1. Leaving out same-chain residues fewer than 8 places away, which lysines sit with a Cα under 30 Å from that of Lys100?
2. Between segment 80-102 and segment 134-149, what is the separation of their alpha carbon centroids in Å?
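Every number in this text was worked out from the coordinates using simple rules, so none of it is lab data. What you see is a predicted model, and the numbers here were worked out from it, not measured in a lab.
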Amino acid sequence: MKHVLSLALFSLCLVLIAATNSLAQAPAGFKTGFIILNDNTRKEGFVKENFKSKAAIVFQDADGKKTTYSGNDIKEAGIDGITYISYSSDFFKLVSSGAKASLFQKVTDASGQIIFNGSEAVGVSSGSEGSVKDFFIRTSKNNSLHLVTKKNFQSVVAAYCADCPSVTESVKNNSLSYEKLEEVIQLYNQCN
């Protein structure tokens, strides 16, 4: 009798564990993540990026309610451990971050997207400068994103990393090039 009771209890535990695990799994196409709304409210749930066609993300809460957010609607999103910020209606992937500067890569083109205030259309987004896959620097001194291209690489680094002569000198003498942009940001963050 004791053995039968133990076996029944063990079976019940396995069923409960399986049910709990199935509830915690992301729905098809979604990944575990979070969003931070413009009022700094953080919501945990499941997130699906819809960057290519709509310059948006879809968020599903614990109750299963799905909501689509554009870059105007949220400040930040985390999708499966990758952080994205919104800026000028577009989404940017965080590539490298530090106390002095962060490097982002543009992942959407929101130009031409309709901007809504609730359900009312209020305009058309011009999006941000640059193209998808372009890199941007944001420093702690200036919260704006600054486009970095092969053509303007030296002047952008000279302007926004001027307080670190070792980095600006390495860029000026070509020992650090555009292809090593992530390394430039890491070195700048280590500079005293």
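1. Lys43, Lys75, Lys133, Lys141, Lys150, Lys151, Lys172, Lys180
2. Spelled out, the Cα-based centre of one part sits 10 Å from the other.
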